[in-house]
Amino acid sequence: MASKTIKFNAGKVEYDEETKRCTPLPHKGVISLKPNADDEDFFDFTWSPKSSSSGNIEKDELLVIPGDVSFKQMTSCKTGRVVALTFLSSGGKNLYWLQDVGDDEELSKLTPKDKSILDKVNELISPSGEEEETEAKEETEE
């Protein structure tokens, strides 16, 4: 079985409700997703700045329950590779921009490495393959 800990470079993105615009913050950061120490069925999602000189930027420490979150690319963002961690039960959303350099000239296009990261994260946060297929069928029928 593959390791249950995932780490990758990503920055935070602020979303402005009024203008409906995403603004990437200039700080370099790291996201880690690892099993929770108290309950192995849950995961700790952490975003932290790479350097202590990032000022007063707070790190994100979130508890992820498989089946209650989605981690997807924001295809509406055309100026960068932005992903959203969305909590289905509360509607809370955290946005991040993938910081590994891509070979593609299209800023909004995921690189093969980005796709691999999304696949690995979604594999961990999905309750099981069968339930995911059922949800996808229900969405297409609506």
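The values are calculated or read from the model by the stated rules, or taken from the named source; none is laboratory data. Computed from a predicted structure; not experimentally measured. No Cβ is skipped: glycine too gets one built from the backbone with ideal geometry, and neighbour counts run over all protein chains shown. Accessible surface is based on the protein model in full, side chains and every heavy atom, while ligands, DNA and RNA are left aside. Shrake-Rupley method; radii C 1.70, N 1.55, O 1.52, S 1.80 Å.
When every Cα-Cα distance of segment 6-125 is counted in 5 angstrom steps from zero, the calculated P(r) takes the values 2, 11, 21, 24, 21, 14, 6, 1, 0 percent. A simple packing score, the average count of other Cβ atoms within 10 Å per residue, orders the peptides 57-67, 25-35 as 25-35, 57-67, with the highest score first. A simple spin-label model places pseudo-atoms 7 Å from Cα toward Cβ; at residue 16 and residue 106 they are separated by 2.7 nm. Using the 1.4 Å probe convention, the accessible area of segment 6-125 works out to 61 Å² per residue with neighbouring protein chains retained. Label-to-label distance, residue 40 versus residue 68, with points set 7 angstrom from Cα along the beta-carbon direction: 2.0 nm.
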